[in-house]
1. Can you list residue pairs whose Cβ atoms sit under 8 Å apart, with the first residue in the stretch 65-84 being of a type in the set (S, T, N, Q) and the second being part of a loop (DSSP other than H, G, I, E, B)? Count only pairs 6 or more apart in sequence or on different chains.
2. Which residue pairs have Cβ atoms closer than 9 Å, lie 6 or more positions apart in sequence or on different chains, and pair a first residue in the stretch 25-47 that is in contact (Cβ under 8 Å) with a residue 24 or more places away in the chain with a second residue that is of a type in the set (S, T, N, Q) and open to solvent by 60 Å² or more (accessible area, probe 1.4 Å)?
3. Would you check which residues across the stretch 75-84 are surrounded by 10 or more Cβ atoms within 10 Å (Cβ to Cβ) and over 19 Å from I50 (Cβ atoms) and list them?
4. Answer with yes or no whether V63 is buried (at least 17 other Cβ atoms within 10 Å of the Cβ), under 17 Å from the mean Cα position of the chain (by Cα) and among the β-branched types (V, I, T).
5. Please find, within the stretch 1-30, the residue that is most open to solvent (accessible area, probe 1.4 Å) out of those that are farther than 19 Å from D62 by Cβ and of a type in the set (A, V, I, L, M, F, W, C).
Amino acid sequence: MRIGELADVTGASPRALRHYEQAGLISSERAANGYRRYDAASVVVRVRNIRRLVAAGLTLDDVRVFLPCLDQDVTASRPTGRTLQVALRRLAVMEERIAAQIEVRDRLAAALAEATEATETAGATTATGATTATGGRIVRPVA
């Protein structure tokens with residue numbers, strides 16, 4: 001199976017497949033013409049599992065821990081202590097990032113609320129004369 005065929009069957013892009021190969025998650029042989037050739041029997045399931053794990057938020061480094069079970073239905077496999085540890089660690093990282101984004105959003109919302117209040121209080125108008133404060137909503141004036 002060539003890379004384009006594998007991409008079509010699995011939904012992965014050829015670039016992603018080359019990346020998976022470079023990361024050591026899949027392997028290929030080279031045909032006489034230099035094209036990559038994949039063993040369809042094993043690589044299709046493996047690529048689908050890699051994509052499933054990446055879609056769940058794991059990195060390719062994380063996925064490497066799952067190598068022993070990538071050739072079967074990874075969702076039906078019993079998790080090991082190591083795979084659970086990796087998944088829990090990734091979840092903790094995601095939760096930290098979400099918390100940081102919520103902080104940033106809250107700061108922006110507070111700044112916008114303060115700016116809106118100041119604008120309403122001052123009854124500010126733009127250079128075109130259109131009032132920008134409209135009941136707490138920020139509206140761009142029409143030129």
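The values are calculated or read from the model by the stated rules, or taken from the named source; none is laboratory data. Please read all numbers here as calculations on a predicted model, not as lab measurements. FYI the Cβ positions are ideal-geometry reconstructions off the backbone, even for glycines, and counts take in every protein chain you see. These accessible areas exclude ligands, DNA and RNA; they are computed on the full protein's heavy atoms, side chains included. Shrake-Rupley method; radii C 1.70, N 1.55, O 1.52, S 1.80 Å.
1. Short answer, once both residue conditions are applied: T83/V65; T83/F66.
2. Going by the 9 Å Cβ cut-off, the qualifying pairs are Y38/S27; D39/S27; V43/S27; V45/Q72.
3. Within the stretch 75-84, none qualify.
4. Taking the combined requirement at face value, the residue satisfies it.
5. V9
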